[in-house]
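What follows is a set of notes on a single structure, which appears directly below.
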Amino acid sequence: MRMLKTLALTTTAACALAGAAAAQTAPGAPGAPSTWAYAAKTGVGASYEAYTDGAYKDGGRTGTISKVWFSIADGVLTETMYGLIHEAQIKQMRFAVQTSTGLAIEGADTVAKTEYLHVDAEGRPLSPAYRITTTDKQGRFVIEKAIFTDPDRQSLFLRVTVKALKGSVTPYLLLEPHMANTGANDAGEASNMALTANEGETFLTLKGSKPFAAASAGFIGVSDGLTDLKDGKLDALYASTGADRGAIMLTGQLPATRGEVTVDYAIGFGPTAAASAQAADGSLKTGYDEVLAGYNSGWESYLASLVELPRLREASMDGGKLLQASALMLKVQEDRTHSGALIASLSNPWGDTVDASKPSTGYKAVWPRDFYQCAMALAALGDIQTPLAAFHYLPTVQVGPNTPGNTGAGGWFLQKAEVDGTPEWVGVQLDQTAMPIMLGWKLWKQGWLSDDALKTFYGKMIKPAADFLVDGGKVGLGWNSATIVPPFTQQERWEEQGGHSPSTTAAVIAGLVTAGEIADLAGDAASAARYRATADDYSAKVESRMVTTKGSLGDGQYFLRLNSDQDPDNKSRVEVRNGQQPVAEDQMLDAGFLELVRYGVRPADDPAVLASLPEIDDQSLEDLYRIRYAFTFPGVEGSFPGWRRYGVDGYGEDTKTGANYGAGDQMRPGQRGRVWPIFTGERGHYEIARITRRGKPAPGALEPVRQTYVKAMELFANDGLLIPEQVWDGVGADTAHPYVRGEGTDSATPLAWSHAEYVKLLRSVADGVVWDSYQPVKARYAR
């Protein structure tokens, strides 16, 4: 058990040091407009915390529950959360270094390397603790930072070493708070002993093992330390931002050095100034070695509990490095108040151009679809407790009579919600209503969810969801007053269009068939028959609703991305989304029909499936419509496939200007969605289904899947072993960021779904059968 120590750091002698910030109030409120940070993270982390009776409670096996998360991008600490997982308190903390030839700033003037602090003999990560090295592009200095959280306190720990390579250097710590999940309403103070910030009832205190030589608090763009340093000196010192609030920066000067200087920092959080200071003091008093040892031991115990890890390592191509990182990433991205609340990503997509003046969860929220992928991947690893906690969490985001503001039909699941269940987006996506049913069935068949527990959930969650998949109903929540008539979905899995969608319909059919089995268990024979009959009806109409025979691409016969009516051949126009023109439905290719095979609704050799593969794989198409791309990587033989979400996708950077998606709150016609690594995993799963169509694969039969699809997903990961949402496809300008083809963009890294797809692909290879295929569905439709 970790030991909690809260002794305060003695600071009396240090307080007497000269160079403390002057007792002045910073001018310039509210400062420059604030944004979030670059979203291409190379590291994210949090402490491992054990459940007590399926919940996070202080005093259990791991003591106090730490509720601090951090992220790293461009070699600097970026969004750091405390409280609920979406509640950011810091935008970034970086260093500026004054040299004999000018000022250099981490990120813009350095190159970064991300490494794990704690690895096994094979180089596989054992905890999400990081060593970040930033090297000055002119060779004048190197900064090394060790970053992790204190598992026994609400604090973040950093050990910072600055090494001078050419002459004397003077480092400056630059901390930009975004307290209470906004960046425009903060106040702060600075002294040689501490930097503090607050908004409302949320407080932050940064303390170091050595005092600052000077310190200042100011408003960004006017009186902050970085602005002051433009003349090479930190001499306009302000002790406080005063009564005014805004976007602030806190600056602390480290000692000048011609060699190297090392300082430990702890950033404490709390509901009061005293609590945040106590957390920081306690971490520093405990010390680097003991805090890191506690952090590492927690994660080692978690990895040791994953009984499938050794077998899945054998299926990987990198010896299990990305696999273990994926296990860490999936577990890190769970809230520590609402157990089982699995989010999409610890990032805010294209955050460096997203307004931070108002609260924003970004991807730090629950989408039941992404949630399902993560829970299934954790189950694939042999984690029993987290998927069960996730399943028990699901009623929190199911719409019903207790949902605030709901006046309409219930049973469906919120499109997007904060981890406490607060609705954010209220579109109806039928796959998100089916997947909780599928997850419950899987946990039951694994023997992890008892008959009695599942029967209880049948009445309160599964039956209302299944009934909605049959009957639909009139929605009454927020802006949404639509009448839903399944299997027509108000939004498909990319949340942008309504219609008959192959991927949505696949999940709905699987959800209904598995709901039928659960209804049988509960003794509800009438509902079981109704669910199966409806699934049969939906299945019988898949081709007539969603396969065109008169398409304008290829031989004209293929699955549409979606069909807004009953006729797949009438070339109806899609709705305008993401700045793109409303093309005819047959011009928008999408590989989502492969989900019909994954879940067992169609066999891998189904004629319509086979007929659609040439179109989605056609690399001669114009880039606007093309979705498949081939990637090569330095030092690696061969090329590796990747796919976009769909043709004419505008969810990405502008091909003309390189601008971020939605920059300036504007949708532009040049925007382009890039390649998503999850589709390489989805195609790998299809190949497994094809190879195993007639039974157990022959020895070595799945080796091409490993060599192509497993390897590709490993190559798409960055040096922190994080898999992006999107990788750069090389189409158009990249002036906003100098992207490299095949590497992640500013959209969102890590995407939990990307890691989940990789883990599930390894489990499917290891098992010789698709992990999230559903046997009763397959037996019914894909014999």
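The values are calculated or read from the model by the stated rules, or taken from the named source; none is laboratory data. From a predicted model like this one, the values you see are computed outputs, not experimental measurements. Backbone-built Cβ (ideal geometry, glycine too); neighbour counts: all protein chains shown. Each accessible area value is taken on the protein alone, full model and side chains, heavy atoms only, with ligands, DNA and RNA left out. Shrake-Rupley method; radii C 1.70, N 1.55, O 1.52, S 1.80 Å.
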Accessible carbon and sulfur surface of the stretch 180-280 relative to its total accessible area, %, 1.4 Å: 50
Relative contact order of the chain, pairs being alpha-carbon contacts under 8 Å that are 6 or more residues apart, as %: 12
Within straight-line cross-link reach of LYS778, lysines at Cα separation under 19 Å, skipping those fewer than 8 residues along the same chain: LYS442, LYS445, LYS541, LYS696, LYS760
Extended-chain gain in nm, criterion 0.36 nm per residue less alpha-carbon gap, GLN446 and VAL307: 48.7 nm
Highest to lowest packing among 146-158, 250-262, scored as the average C-beta count within 10 Å: 146-158, 250-262
Given [x] 1.12; [y] 0.96; [z] 1.00, the label whose value is Cα Rg over 2.2 N^0.38 Å derived from this model: [y]
Within the accessible area of the stretch 400-480 (1.4 Å probe), percent carbon and sulfur: 50
Pairwise label distance in nanometres, LYS230 with LYS474, each label 7 Å out on the Cα-Cβ vector: 6.0
Estimated distance in nm for a label pair at ASP537 and GLN138, the labels positioned 7 Å out from Cα along Cα-to-Cβ: 7.3
Estimated vicinal HN-Hα couplings, Hz - the stretch 141-150 in sequence order (Karplus 6.51, -1.76, 1.60; Gly, Pro = x): 6, 9, 10, 10, 10, 9, 10, 6, 9, 8
In nm, spacing of pseudo-spin labels at GLU703 and LEU610 (7 Å Cα→C-beta vector): 2.6
Cleavage-rule hits (GluC sites (Glu not before Pro)) in the stretch 159-206: DSSP loop, at most 12 neighbouring Cβ within 10 angstrom: GLU201
Within the chain, helix-based [θ] at 222 nm, where runs of 4 or more DSSP H residues each add -39,500 (n - 2.57), nearest 500: -8000 deg cm²/dmol
Under Karplus coefficients 6.51, -1.76 and 1.60, residue-wise ³J(HN,Hα) of the stretch 344-353 in Hz, glycine/proline x: 7, 5, 7, 7, 10, x, 6, x, 5, 10
All-pairs alpha carbon distance profile, the stretch 104-182, 5 Å steps from 0, percent: 3, 12, 18, 20, 18, 15, 9, 4, 0
Sum of side-chain charges, ALA341 neighbourhood, beta-carbon under 10 Å (Lys, Arg +1; Asp, Glu -1): -3
Accessible area of the chain divided out per residue, in Å², using a probe of 1.4 angstrom: 33
Dipole axis of the stretch 184-298 (+1 Lys, Arg; -1 Asp, Glu on Cβ), positive-most option in TYR238, ALA214, GLN278: ALA214
Contour minus Cα-Cα distance for ARG741 and ILE105 (0.36 nm per residue): 226.4 nm
Nearest-0.05 FRET efficiency for ALA630 and GLU290, computed from C-beta distance (R0 45 Å): 0.35
5 angstrom amide H check on LEU702, placed H, neighbours 5+ away: none
Calculated FRET efficiency for the pair THR25/ASP120, C-beta based, R₀ 35 Å, to 0.05: 0.10
P(r) of the stretch 244-293 over all Cα-Cα pairs, binned every 10 Å from zero, in whole percent: 20, 36, 35, 10, 0
Farthest toward positive dipole pole in the stretch 577-723 [+1 Lys/Arg, -1 Asp/Glu at C-beta], among GLY664, TYR686, PHE633: TYR686
Alpha carbon centroid spacing (whole Å) that separates the stretch 436-458 from the stretch 604-660: 37
Whole-Hz couplings from phi, Karplus 6.51/-1.76/1.60, listed for the stretch 613-629; x for Gly and Pro: 4, x, 5, 6, 9, 6, 8, 8, 5, 4, 3, 4, 9, 6, 10, 9, 9
Highest-first arrangement of 316-329, 265-278, 536-549, where packing means the average Cβ count within 10 Å: 316-329, 265-278, 536-549
Protein accessible area in the stretch 614-699, 1.4 Å probe - carbon and sulfur %: 49
